[in-house]
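Before any comments, here is the structure.
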Amino acid sequence: MCNTLLPLACTACLAFVLLAGLGCLDNLAAPDKPALPATLNWGASSDSSSDGEAVEATRLSVSNATLDDLRSRLKAFKFVEPVENSGFEYGFNGAFMKQLVSHWLNKYNWRVWEDRLNSFPNYFTRIEGLKVHFMHLKPSKKGVKKRVPLLILHGWPGSVFEFYKLIPLLTTPDTDGLAFEVVAPSIPGYGWSEAAKKRGFSAAACARVFDKLMVRLGYRQYYIQGGDWGAGIGHIITREFPERVLGFHTNMPMQPFRQPSVIVQMIAGSFIPDGILFSKKDGQKIFPYFEKLSDIIRESGYMHIQATRPDTIGHALSDSPVGLAAYILEKFSVWTDPQNRLSQTGNLIGPKAAFSLDELLTNVMIYWTTGSITSSVRLYKEVFSENRETTMAYFSIPSDVPHGVASFSNELSRVPERIVRVTHPNLLHYADFDHGGHFAAFELPDLMNSEVRAFVRAAEDFHAKKRSPLGEGKEL
Amino acid sequence: MKVSVSDTDLNSLKSRLRAFKFVEPLENSAFEYGFNGRFMQQVVTYWLEKYDWRQWEKKINSFENYLTRIEGLQVHFMHVKPKKAKKRAPLLLLHGWPGSVIEFHKLLPLLTTSDSDGFAFEVVAASLPGFAWSEAPKKRGFDPSAAARVMDKLMGRLGFHKYYVHGGDWGSIIGHVMAIEFQDRLLGFHTSMPMQSFRHPSILLQMVAGSFLPAGVLFDKRDCDKIYPFFGKLGDLMRESGYFHLQATRPDSVGHALSDSPVGLAAYILEKFSVWTNLQNRFSKDGNLVGPKAAFTLDELLTNVMIYWTTGSITSSMRFYKEDLSIEASSNYASIPSQVPYGVASFPHELIRVPEDFVRKTHPNLLLYTDFDDRGGHFAAFELPELVAKEIRKFVHLAEAFHSAAAKRGRKSEL
């Protein structure tokens, strides 16, 4: 009996694995679309007023009292002596922090950057009980032959400020006359967008709020570009409101973990040599698996504490501007290039610096002056602890919406084209780059501008073909 | 040495407290998202208006404090000799994170007072390097085995060539390493947090089998409750170990904020005194840091925070987690056996609980293993000093008998 059963069982298993690997089982086991949060008013329970539809223009401004208070805190900051020869390996280097504080006190001019932020039109509107901040830019008519709405989404520890160079490039028509009407909101709990007072404001809740925002502004269909949380939120919007999304472009694609072919290929690919299952380039994105895993463990301490006890670090980060800067700027160092952790300055200054110190401090100032660091990190708990199954499920659910990916070499999550295509059959654009980090829009605005345009052109063609499959002017 | 904080420093602290930035908690979140901001307002008010550091500074100085230089570092320790004792044994007390020697302020007098047999301990309570008044290492690599060596040298310098050790948290890990590295010098090691060895084949097998066999078959119910449900306990550990992950990878990134904000420091530290005393405390609006279920007074808790604040030692204390470099080194130590007499007090709310049989696998001379069911969390010596004092005395009594018996056998074999 055993003699026949065992080889039979083995063959069945192998066949199953082969079928799975080839993708025949994909999307059969795709998780169901999770339900959106039941809460529809995230404001205080004591406030039952309704949203209204009003959109108010606003000027972002920080009082002199706030700036004076900040200065006295900076002057009194407690120096932390770094371990000898440690670079940024233990985190933000205290010796470099001294330099940073000196620049912050003596050179950095917030008013200049405040003016810059206000050179973009800023607005507030109330959605689901929350005052949502957003920038809304419409290209001027000159040279514009085609205008397309674009919702652009930031992440953590970033803000809409990351897009300050990209936005003018997007609203300027190119040689084809294509220009974008850009909506850049702050995630509720980040920057000037009010934080939820109730538990449960997850990425999915934010997706719904942002879709409502676009509809309120008159956009029944729109494109999305997002990185970090913006990628996750954009991903959810395409699953929940597919009829509204013309296309979704990201620099941080999500790994569809629960698709059988992905699981099989990942396991097989970890021991099959490069070039057979994955190209050498793609192989480098995911393997050696355990080394990449230990990289992830080294980089994800912040995520672990934020996903479990956000308020416990929130108090310190809300109370110490230097502490806030250390916590945030470490990410702009190591997430731009993990090798930066070996540098005494984290390459936040010097020839390898990807951003100016003023740009970096402006982003920190946004978190400081709005007191939003604690609410910003609570998002991790809402997504990873409270609703873990639901949010992760979204990433394995397929979508027909046109997709575009720009894969930068130092991005934290890199997914080969073939795997992205498993859940995105209409992956119209996938570009690989041998440079660039996590904050791509901030670091490489020109490149991001051309990437977004390349994708949108492909998506517009895709939509045109769908509308008249036989070509312009011909009808079925 | 005398602990003495300047008036300038106290005034600077007060101004930071007065200017602290309130963090509004989410509705109905208690301590589930971490330290509750509304309760923090209460704590700050108390800290400013009621808490008296000078009183506690006096208390710390009522124990004899010293500094001595070992391996390039100034090491702080309290050295308390019994007033009169017919028999005395040297005992090294080791604290952990985010604690300090203050955890032993009630335990110390109980140990240095003679019992009915005239037995008392001569106690050395050391601050781990990088904590409190013990200087922080400037170089990389100061891990638990380095700390173990420094502690042994300290005892040797004080004239103790054989001694007992009691420790919890890092104190337990360091004591555990000492029991392996200095087997001829440790008379015994007592702890409230024994290390788990996962590499013992029989332990692994028992863990796996025990996860589906009913209680009573492989493990008795009490031991079952210590380890299962395995994924539930693992989930608890995941939920509680964010700080660990962050400190083991980027201690300085959070260190700057904690060094610069006393309120932030208090939130970060006191969250542990809440949830590690009882995991259920996270469902309470004040984390049961006050009220009928509180295990410590607010004064005791703030004194511990003050020690970290006034010595500016939070960042160096957290770096210890990163220096414990490889999981492999730790798990090696956890699996290496030691003949040193062992004693365990197992409290119901300790974070990781190891059944007696498992401890015995690597510690054949486990002379005492006491289960407590009623109360007791991670900071056992701080929370239940009378109980822990009794346990240490019981253990040492057994260890002394063990050593005399061994000496008798030794003499017999020489004949």
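The values are calculated or read from the model by the stated rules, or taken from the named source; none is laboratory data. Given the structure is predicted, the values throughout are model-derived calculations rather than measurements. Note that we place each Cβ from the backbone using ideal geometry, even for glycine, and neighbour counts take in every protein chain shown. Note: areas computed on protein heavy atoms with side chains; ligands, DNA, RNA excluded. Shrake-Rupley method; radii C 1.70, N 1.55, O 1.52, S 1.80 Å.
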### Message
Accessible area of the stretch B:7-414 with a 1.4 Å probe: how many percent of it is carbon plus sulfur?
### Response
55
### Alpha-carbon centroids, the stretch B:1-63 and the stretch A:22-48: separation in whole Å
42
### Summary
Rounded to whole Å², per residue accessible area for the stretch A:64-467 with a 1.4 Å probe reads 34
### Query
Could you give the distance between the Cα centres of the stretch A:368-408 and the stretch B:349-415, to the whole Å?
49
### Task
Considering only DSSP beta bridges where both residues belong to chain A, give the percentage that are antiparallel (nearest 5).
40
### Summary
Quick calc, the protein assembly as shown, dipole around Cα centre from Cβ unit charges on Lys, Arg (+) and Asp, Glu (-), nearest 20 debye, gives 960
#### Entry: Per-selection Kirkwood Rh - the protein assembly as shown (Cα, Å, 1 d.p.)
30.0
### Task
Report, in debye and to the nearest 20, how large the dipole of the stretch B:1-109 comes out about its Cα centre when Lys and Arg carry +1 and Asp and Glu carry -1 on their Cβ.
880
### Query
Mean residue ellipticity at 222 nm from the helices of the protein assembly as shown, using -39,500 (n - 2.57) per DSSP H segment of n ≥ 4 over the full residue count, to the nearest 500 deg cm²/dmol?
-14000 deg cm²/dmol
### A/B buried area, accessible surface, summed, 1.4 Å probe, Å²
5000
### Task
Check the straight Cα-Cα distances from B:K408 and name the lysines below 19 Å, setting aside those fewer than 8 residues away within the same chain.
B:K162
### Query
Looking at the stretch B:231-272, which residues lose a minimum of 50 Å² of accessible area between their chain alone and all protein chains in place, measuring with a 1.4 Å probe and not counting ligands or nucleic acids?
B:H245, B:L246, B:R250, B:D252, B:S253, B:H256, B:A257, B:D260
## Note on the structure
Going through A:K33/A:K466; A:K198/B:K221; A:K131/A:K285; A:K107/A:K145 one by one, the pairs whose alpha carbons sit over 32 Å apart turn out to be A:K198/B:K221; A:K131/A:K285; A:K107/A:K145
### Query
How far apart, in nm, are the 7 Å Cα→Cβ label points at A:Q221 and B:T297?
7.2
### Share of carbon and sulfur in the accessible heavy-atom surface of chain A [1.4 Å probe, %]
57
### Task
Looking at the stretch B:7-414, send over the antiparallel percent of its DSSP beta bridges, to the nearest 5.
30
### Message
Below 12 angstrom from the Cβ of A:A458, what's the summed charge of the other residues (Lys, Arg +1; Asp, Glu -1)?
### Response
0
### Query
Principal axis lengths of the stretch A:210-363 from Cα atoms, whole Å, largest first?
49, 48, 35
### Task
Please work out how much accessible surface A:F16 shows to a 1.4 Å probe, ignoring ligands, DNA and RNA, in Å² rounded to 10.
130
### Task
Mind ranking B:M151, B:M193 by accessible surface for me, highest first, 1.4 Å probe?
B:M193, B:M151
### Message
What Kirkwood Rh does the stretch A:51-104 have if only Cα atoms enter the pairwise 1/r average? Answer in Å.
### Response
14.5
### Task
Please list A:W192, A:W42, A:W229 in order of solvent-accessible area, largest first, computed with a 1.4 Å probe with all protein chains present.
A:W192, A:W229, A:W42
### Message
I'd like the per residue volume of the convex hull spanned by the Cα atoms of the stretch A:301-408, given in cubic angstrom.
### Response
147
#### Entry: B:R140 - accessible surface, heavy atoms, 1.4 Å probe, Å² rounded to 10
100
### Query
With all pairs of different alpha carbon atoms counted, what Kirkwood hydrodynamic radius in Å does the stretch A:64-467 show?
21.9
#### Entry: Fraction of the pair-distance distribution of the stretch A:21-87 above 21 Å, Cα-Cα pairs, percent
73
### Task
Over all alpha-carbon pairs of the stretch A:95-197, lay out the pair-distance distribution in 10 Å bins, whole %, shortest bin first.
14, 34, 30, 17, 5, 0
### Message
For the stretch B:7-414, what does the convex hull of the Cα positions come to per residue, in cubic angstrom?
### Response
158
### Task
Go through B:I352, B:I269 and list them by solvent-accessible area, largest first, probe radius 1.4 Å.
B:I352, B:I269
### Solvent-accessible area per residue, Å², over the stretch B:7-414 with all protein chains present [probe radius 1.4 Å]
40
